[in-house]
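Asker: Okay, handing you the structure first.
The values are calculated or read from the model by the stated rules, or taken from the named source; none is laboratory data. Computed from a predicted structure; not experimentally measured. Here Cβ is always computed from backbone atoms with ideal geometry, including for glycine, and neighbour counts include all displayed protein chains. What goes into the accessible areas is simple: the full protein's heavy atoms, side chains included, and nothing from ligands, DNA or RNA. Shrake-Rupley method; radii C 1.70, N 1.55, O 1.52, S 1.80 Å.
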Amino acid sequence: MRNLFTVDKKDYKTDGTVFERPSVRGIIIKDGKILMIHSLKYDYYKLPGGGIEKGESYEEALIREVREESGYILKPASIREFGYVRRKSKGMIEDIFIQDNYYFVCETDETQASQNLDDYEADELFTPEFVTTEHAIKTNKTADHKEKALSHTFEAMIERENRVLEIIEKELI
């Protein structure tokens, strides 16, 4: 899979302990708009997805995460690689946190089931929305994200999502 880019904050001890957490993200486009998860509480957008659980394939994790966060059911045969982004920064427990985010273009069937959100996702009022890439990027850059904006991990996530959305806009929409 191609490397889209790397976000390296260089804010860590280079010889320290390392924690790696790979994740998957779905790129679902309909009528020129992209499916995003909108945090109504902190007013930001992210692509649906999350961490890969032990023993899961990328595709299994993608199908599960998109279903949990958005309620949409992916068509397994439609899943195709788009690229990955590596994020490297100071960890919360370990010295270095590395996250490879694997992005896949995919399609859903037309039914939408109910979401199955984690506690923090429910607290943030995660809501699936089809929006333009321009709207998501502008909101991520200019909205008041309240106390969430103070987190260095949030800043890295917003940078990652906006840069991926810009690539999607050029290549897919």
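Asker: Taking a label point 7 Å from the Cα of residue 153 along the Cα→Cβ vector, which residues of region 1-19 have an amide N closer than 17 Å to it?
Answerer: Residues passing the 17 Å test: 7-13, 17-19.
Asker: Same structure, new question: Can you tell me how much longer the chain between residue 107 and residue 173 gets when fully stretched, taken as 0.36 nm per residue apart minus their C-alpha distance, in nm with one decimal?
Answerer: Extra length from residue 107 to residue 173 when fully extended: 22.3 nm.
Asker: Keeping all protein chains in place and using 1.4 angstrom, which order do 36, 92, 1, 157 fall into by accessible surface area, from largest down?
Answerer: The residues order as 92, 1, 157, 36, largest area first.
Asker: Right, another one. Give the residue from 115, 55, 167 lying farthest towards the positive end of the charge dipole for the chain; charges sit on Cβ (+1 for Lys and Arg, -1 for Asp and Glu) and the dipole is referred to the Cα centre.
Answerer: So the residue we want is 167.
Asker: Any idea what the dipole of region 119-158 comes to, in debye rounded to 20, about its Cα centre with Lys/Arg Cβ at +1 and Asp/Glu Cβ at -1?
Answerer: Roughly 260 debye, rounded to the nearest 20.
Asker: Dipole of region 1-110 (Lys/Arg Cβ +1, Asp/Glu Cβ -1, origin at the Cα centre): which of 45, 22, 5 lies farthest to the positive side?
Answerer: 5
Asker: Right, next: Given that compact globular proteins tend to follow 2.2 N^0.38 Å, what is the ratio of the alpha-carbon Rg of region 94-173 to that value?
Answerer: That works out to 1.27 for region 94-173.
Asker: Accessible area per residue for the chain in Å², computed with a 1.4 Å probe and the full protein assembly in place, what is it?
Answerer: The answer is 52 Å² per residue.
Asker: Just the projected area, averaged over all directions, of the convex hull on the alpha carbon atoms of the chain: how many nm²?
Answerer: 10.1 nm²
Asker: Gain in length, residue 42 to residue 127, computed as 0.36 nm per residue apart minus the alpha-carbon separation, to one decimal in nm?
Answerer: 29.4 nm
Asker: For region 1-109, with only Lys/Arg (+1) and Asp/Glu (-1) charged at the beta-carbon, what is the dipole magnitude about the Cα centre, in debye rounded to 20?
Answerer: My answer is approximately 340 debye.
Asker: Follow-up. Mind checking the dipole of region 22-173: about its Cα centre, +1 per Lys or Arg Cβ, -1 per Asp or Glu Cβ, Debye to the nearest 20?
Answerer: 440 debye
Asker: Give the ranking of 84, 72, 58, 120 by solvent-accessible surface, highest area first, calculated with a 1.4 Å probe.
Answerer: Sorted descending by solvent-accessible area, the residues read 120, 58, 84, 72.
Asker: Which sequence of 173, 137 reflects their accessible areas, 1.4 Å probe, from the largest down?
Answerer: If we order 173, 137 from most to least accessible, we get 173, 137.
Asker: Using a Debye calculation, one point per C-alpha and no hydration shell, please list log10 I(q)/I(0) for region 16-86 at q = 0.12, 0.22 Å⁻¹ in order.
Answerer: Treating every Cα as an identical point scatterer, log10 I(q)/I(0) equals -0.36, -1.06.
Asker: At 10 °C and 1.306 mPa s, what whole-number value in µm²/s does Stokes-Einstein give for the translational diffusion of region 83-135, with Rh from the Kirkwood sum over Cα pairs?
Answerer: D, rounded to a whole number, is 107 µm²/s.
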